[in-house]
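Engineer: Below you will find the structure I want to go over with you.
What follows draws every value from the coordinates through simple rules; no lab data is involved. Every value quoted in this text rests on a predicted model; they were computed, and no experiment measured them. Here the Cβ positions follow ideal geometry from the backbone for every residue, glycine too, while neighbour counts run over all protein chains shown.
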Amino acid sequence: MRSLLESAGIDFRNDKIVIPHDCRSVRIDVGLSVNAPQSQIWLSRDPHLHVFGFEPVKANRESIEKGNSPWPVNLDPELIGKRINIIPCALLQSHSPGGQTIYVTRKDPGCSSVLKPKTIEVAYEEIIQVESLNRFFEFFPFDQVPYIDHLKIDVQGADLQVLEGATQYLSLIMAITAEVDTNEYEGTRNSLKSMKELLEPYGFKLFKKSWIAKAIFRLKGIKCEIETEDPTFINIQLFKDKMPQNFWAYQRG
């Protein structure tokens, strides 16, 4: 794992990832597609944020590095290696030494998945590296940045597997957004129910958008701005322990 992180321009000190000295918060973007739009918006909102992005498809990473996809929001390539590191692998439950096949889809490469699409046309298959968030977090300097603000997952049917590969560190993540409506992929175990069953024992509660639900959160001392399309879970215990000011989470698409 360390050599993979170093290939993404990440430096180490005392076997821990070096975070920029002016960084005050970290967010993780799993599944960047061809333009990393969530990361771009996050970084534009917070000048003291650092992002770690994971994208296994080579052509998608090359598109991000050029910053010229046809989508309206593209990551500024000047930020790569400075405020965002793009790690060339997929995340699942565990490390896969031999790698794994990913199905790269034709019309929208952002729909590519390690699970075979049922109806979406596949352009080609590619062998990719597979790691887990548990292995990544082994190198994370939690003494400098005590928790992860937001983990966004959009990996086309395998989102639950990404979370299963992070169970040793879920208690150190403040908010998690994951895609659940992914029946277009063979073998998916994604569902809102499965996400709840996994996350609730770690202190997470699903954030609901109704004004009543928001009022209940505020009565519990949870003041946050959640602008997400996919289901988002808040770590209630961590929030009460850290009491972050002006906490926000953003995700679209």
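Engineer: How big is the antiparallel share of DSSP beta bridges in region 2-251, given as a percent to the nearest 5?
Structural biologist: Looking only at bridges with both residues in region 2-251, the antiparallel portion is about 40 percent.
Engineer: What ratio of Cα Rg to 2.2 N^0.38 Å holds for the chain?
Structural biologist: The value comes to 0.96.
Engineer: Cut-off under 18 Å on the C-alpha distance; same-chain residues fewer than 8 positions from K196 excluded. Which aspartates and glutamates are left, in chain and number order?
Structural biologist: Hits, sequence-local ones excluded: D154, D159, E164, E179, D181, E229, D230.
Engineer: Cut-off is 10 Å between beta-carbons; in what order do S194, S210 appear when sorted fewest neighbours first?
Structural biologist: Result, fewest neighbours first: S210, S194.
Engineer: Find how much the distance from H21 to Q245 grows on full extension, using 0.36 nm per residue of separation minus their present alpha carbon separation; answer in nm with one decimal.
Structural biologist: 78.6 nm
Engineer: Antiparallel DSSP bridges in region 5-75: what percent, to the nearest 5?
Structural biologist: 25
Engineer: Another one. Roughly what would the spin-label model give for V73 and S191, points 7 Å off Cα along C-beta, in nm?
Structural biologist: 3.1
Engineer: Separation between the N183 and E121 pseudo-spin-labels, each 7 Å from Cα along Cα→Cβ, expressed in nm?
Structural biologist: 2.5
Engineer: Take each complete run of DSSP H in the chain, measure how far its Cα atoms stretch along the helix's own axis, and keep only those covering 15 Å or more with mean Kyte-Doolittle hydropathy at least -0.5; list them.
Structural biologist: Both cut-offs are met by no helix.
Engineer: Where in region 45-88 is the amide nitrogen less than 17 Å from a point lying 7 Å along the Cα-to-Cβ axis of K107?
Structural biologist: 70-71
Engineer: Past 18 Å, Cα to Cα: identify those pairs from K209/K242; K82/K242; K193/K214; K205/K242; K152/K223; K152/K240, in the order given.
Structural biologist: From the list (K209/K242; K82/K242; K193/K214; K205/K242; K152/K223; K152/K240), the Cα-Cα distance tops 18 Å for K209/K242; K82/K242; K193/K214; K152/K223; K152/K240.
Engineer: Report the net charge of residues surrounding K58, where surrounding means a beta-carbon distance below 12 angstrom and charges are Lys +1, Arg +1, Asp -1, Glu -1.
Structural biologist: Local net charge: -3.
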